[in-house]
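Each remark here refers to the structure printed beneath this line.
The values are calculated or read from the model by the stated rules, or taken from the named source; none is laboratory data. Because the structure is a prediction, the values reported are computed rather than measured. Glycine gets a Cβ as well: all are built from the backbone with ideal geometry, and neighbour counts include every protein chain shown.
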Amino acid sequence: MEVDQLMKHHKHALSPSEHRIMHILIQGKTNKAIAQTLKLTEGSVETSLHRIYTKLGVDNRVKATLVYLQLLNSSKQG
């Protein structure tokens, strides 16, 4: 699978709520701030982030942010 196809696959693998979490995460917000913004518990945010990490093939929020920003950039170009 080419990089572009892989990126599109990951982007579409995220649920709408996971996209909302990522849009806040890429702003550098903490789990607590994400939870407050979306009216969730911190535990729900942590669970969602671990699911997102798995889908994006990463193991932390910095890597998730980098991959997600690449996804956003590639979707704007293609």
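Listed by position, the helices (runs of 4 or more DSSP H) contained in the chain that have at least 1 residues being at pLDDT 95 or above are 16-25, 31-38, 42-56, 61-77.
Mind listing just one residue for me: the one in segment 56-68 that is under 9 Å from the mean Cα position of the chain (by Cα) and in contact (Cβ under 8 Å) with a residue 40 or more places away in the chain and, of those, surrounded by the fewest Cβ atoms within 10 Å (Cβ to Cβ)? Give the derivation first.
Here is the first cut: in segment 56-68, the residues under 9 Å from the mean Cα position of the chain (by Cα) are 56, 61, 64-65, 67-68.
With in contact (Cβ under 8 Å) with a residue 40 or more places away in the chain added as a condition, the list becomes 56, 64-65, 67-68.
Details: 56: 23, 64: 21, 65: 17, 67: 20, 68: 24.
The extreme case among them is 65.
If you take the residues of segment 16-34 that are free of Cβ contacts under 8 Å to residues at least 24 places away in the same chain and touching a helix residue (DSSP H, G or I) at 6+ places or on another chain (Cβ under 8 Å), which of them is surrounded by the most Cβ atoms within 10 Å (Cβ to Cβ)? Even if it seems obvious, please write down each step before you answer.
Initially, segment 16-34 is screened for residues free of Cβ contacts under 8 Å to residues at least 24 places away in the same chain, giving 16, 19-20, 23-24, 27-34.
This time we only want the ones that are touching a helix residue (DSSP H, G or I) at 6+ places or on another chain (Cβ under 8 Å), so: 20, 24, 29, 31-34.
Values: 20: 16, 24: 18, 29: 17, 31: 20, 32: 10, 33: 15, 34: 23.
Out of the qualifying residues, it is 34.
Considering segment 69-78, and only residues there that are under 16 Å from residue 14 (Cβ atoms) and not polar (S, T, N, Q), the residue that is surrounded by the fewest Cβ atoms within 10 Å (Cβ to Cβ) turns out to be 69.
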